[in-house]
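> Take this structure, written in structure tokens, and hold onto it; I'll ask about it next.
Bear in mind that the values in this text are calculations on the coordinates, not laboratory data. Note that this is a predicted model, so its numbers are computed, not measured. As a convention, Cβ positions derive from the backbone with ideal geometry for all residues, glycine included, and neighbour counts pool all protein chains shown.
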Amino acid sequence: AHPDPSLSSLFAKENLAHMSKEQLNRYDRLINEPSNDWDIYYWATEAKPTPAEFDTDVMAMLREFAKNRNREQRLRQPDLEYLFEPPR
């Protein structure tokens, strides 16, 4: 399972149209070469350092996007489903 499918898909939706051919190639490498999607998520959220081979301008863009995304999520009201759970 992908840790946060919305992170890379929303990033792609917002950024791919403005990227150069070289950046698109670097993005393609980034999303296809690491064997684990969690790695990309950890690098993007700075939970783990990005290996030099993937630490490109595109990774910097993704990190910035992840920061803004987290800020947006914090601004969103929390879900209130727990209010409707039956008492235990």
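> Mark the label point 7 Å from the Cα of D57 along Cα→Cβ and return the residues of segment 10-33 whose backbone N is within less than 20 Å of it.
11-32
> Where in segment 20-53 are there GluC sites (Glu not before Pro) that are in a DSSP coil and have at most 15 other Cβ atoms within 10 angstrom of their Cβ?
E46
> Could you state the per residue volume, in Å³, of the convex hull enclosing the Cα atoms of segment 21-71?
Residue-normalised Cα hull volume stands at 70 Å³.
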